[in-house]
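Just so you know, all these numbers are worked out from the coordinates, no wet-lab data involved. All values derive from a computational prediction rather than experimental measurement. Neighbour counts run over all protein chains shown; Cβ positions are idealised from the backbone, glycine included.
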Amino acid sequence: MRAAALFDRVIAAEAAQATFAALEANAGRLPNVALHQVAIHSVSGKHLTFVNVANSHASARLLSDGKPGPGDKTETVVTRRIDDLVPKGVPALIKLDVEGAEVEALGGASRALRDGGVIIYEDHGSDPACAPSSHLLSTPDTCLFFCNDGFSQVTSIDQVRALKTDPYKGYNLLAAHNDSALLARILERL
């Protein structure tokens with residue numbers, strides 16, 4: 001809802017049925033908002049089964065590593081690539097929050113990045129490999145910035161690891177193609 005007041009067009013994707021219902025109730029009538037009940041991934045049209053953990057309001061995981069626990073619920077969701085949601089040629093600002101599936105989601109955003117998109121993503125403190133940042137740093141012509149009271153550029157995984165001091169916290173970073181005009185506008189406003 002906040003983004004709808006700031007941008008001409010907002011695309012929101014949510015995998016969990018209950019959360020999507022709340023999103024639809026809050027933003028479904030806004031004329032510049034398009035809602036999609038999908039899981040963001042590297043390929044479109046795949047079916048993924050998630051486990052919604054019974055004793056946590058914000059804990060979901062892919063059902064690929066065992067069976068659900070007592071009281072847990074599962075739901076199957078179709079995947080979509082970011083590149084299939086963001087129109088070609090549009091330098092989109094993308095906020096990615098996919099609970100550990102960042103690398104798969106980023107794999108489906110290569111065109112959006114080349115088109116000048118800027119992605120804000122989380123690199124969790126519990127991930128010593130810094131998987132999403134490592135993936136992005138290996139992508140040609142991509143730059144990363146740590147988001148904390150402004151932006152500071154990071155150029156190595158060692159820098160990302162040094163930023164992550166709490167294993168229970170998520171750290172926001174920003175990624176864009178080096179020549180992104182949208183990135184330049186964001187940085188000049190600081």
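Data overview
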quantity: Separation in nanometres of the label points that stand 7 Å from Cα toward Cβ, at Ala162 and Lys88; calculated: 4.2
quantity: Value of [θ]222 nm, deg cm²/dmol, for the chain, DSSP H segments ≥ 4, -39500 (n - 2.57) each, nearest 500; calculated: -6500 deg cm²/dmol
quantity: GNM top mover of Leu113, Leu23, Leu144 - the chain, alpha-carbon springs below 10 Å; calculated: Leu23
quantity: Cα convex hull of the chain - mean projected area over all directions, nm²; calculated: 11.4
